[in-house]
1. Note down all Cβ pairs under 6 Å where the first residue falls in segment 31-56 and is free of Cβ contacts under 8 Å to residues at least 24 places away in the same chain, the second is basic (Lys, Arg), and they're at least six residues apart or on different chains.
2. Return the pairs, sorted by first residue and then second, in which the second residue is charged (D, E, K, R), the first residue lies in segment 65-87 and is more than 11 Å from Ser51 (Cβ to Cβ), the beta carbons are less than 8 Å apart, and the residues are 6+ apart or on different chains.
3. Here are the criteria: (1) in contact with an Asp or Glu (Cβ under 8 Å, 6 or more places away or on another chain); (2) surrounded by fewer than 15 Cβ atoms within 10 Å (Cβ to Cβ). Tell me which single one Ile112 does not satisfy.
4. Could you list, in sequence order, all residues of segment 91-118 that are within 22 Å of Phe46 (Cβ to Cβ) and more than 12 Å from the chain's Cα centre (by Cα)?
5. Can you tell me which residue among Asp171, Asp145 is in contact (Cβ under 8 Å) with a residue 12 or more places away in the chain, among the acidic types (Asp, Glu) and crowded, with 19+ Cβ neighbours inside 10 Å?
6. Scan segment 81-130 residue by residue and report those that are polar (S, T, N, Q) and in a loop (DSSP other than H, G, I, E, B).
Amino acid sequence: MKKVSMLVFAVLVLSASYTQAQGFHLGIKGGTNLSEINSRSFNNGFQWGFSAGAFTELNFTSKWGLQPELLFSQTNTQTANNFNDIYLNGINSQNVSLNYMNIPVLLSWKPIPLLSIQLGPQFGILMNTSETITTNGSNAFKSGDFSVVGGAQVNLGGFIAGARYVSGVTDINNVTSADTWKNENFQLYIGLRIF
C-alpha cells in the first residue's frame, strides 16, 4: 500500500510541473455506486453504495489527457442462501460491505470540449480487512483488487458529471479457489474543479 501511495504521489508531482502550461486541474467528486460481486456465493442483484474523493486532470493537448483519482468507494452485497453449502464455515444471507480506496488512472479523450470519454485501469485497496463471512474468523477477501474502468464525463465549466462501468479483473476470493468472486460497479457522480 505504501509503494502504491508513493507511486501515485510521484506521478502527480512530476505531472503537475510538466502540465502547468498544458492544463492542470484539481477537483473533488462524489456519487453513488450500484455494485455486486459476480459469483454463485453471493445474491445476484446490484445494491447501492457511495463513492467520494479527489481527482486531477492532466491535459496534454486540448483533446488528450490523464485523469488520476483517489476515491473511497463502497461495495455492498449479501452472501447467498446456500453459502454454507459452498464453504463449510460460511454464513448464509449475511450483509457484506466492502470499503475500498480506489486509484483509477484514466486516459481521457475529448471529442468536443463538453464531453470526455475515459478508459483505464484501477487498483483498489480493501480498507476493512476484518470483514469476515466465515465462522472460523478468517478474512474472506483479498486486500487488493484490479479493475478496468470505462465511461463518459460531461464538462460544464468548473462542474463535471459522469457515468462509469467498473469491471473487476482480480478474483477477490481469499477463502478457496472453488468459486471466483469479481467486483462489478456502475457509478454515477458529480464533481467540482477547485483549481
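1. none
2. Pairs that qualify, where the first residue is more than 11 Å from Ser51 (Cβ to Cβ) and the partner is charged (D, E, K, R), are Gly65/Glu57; Gly65/Lys110; Leu66/Glu57; Gln67/Glu57; Thr77/Glu36; Ala80/Arg40; Ile86/Arg40; Ile86/Asp179.
3. That leaves (1) as the condition not met.
4. Within segment 91-118, Ile91, Asn92, Ser93, Gln94, Asn95, Val96, Ser97, Gln118 qualify.
5. Numbers: Asp171 fails: crowded, with 19+ Cβ neighbours inside 10 Å.
Residue meeting the stated conditions: Asp145.
6. Asn81, Asn82, Asn89, Asn92, Ser93, Gln94, Asn128, Thr129, Ser130
Taken together, the values in this text are just the output of simple stated rules run on the coordinates, not laboratory data. These figures come from a predicted structure and were not determined experimentally. Note that we place each Cβ from the backbone using ideal geometry, even for glycine, and neighbour counts take in every protein chain shown.
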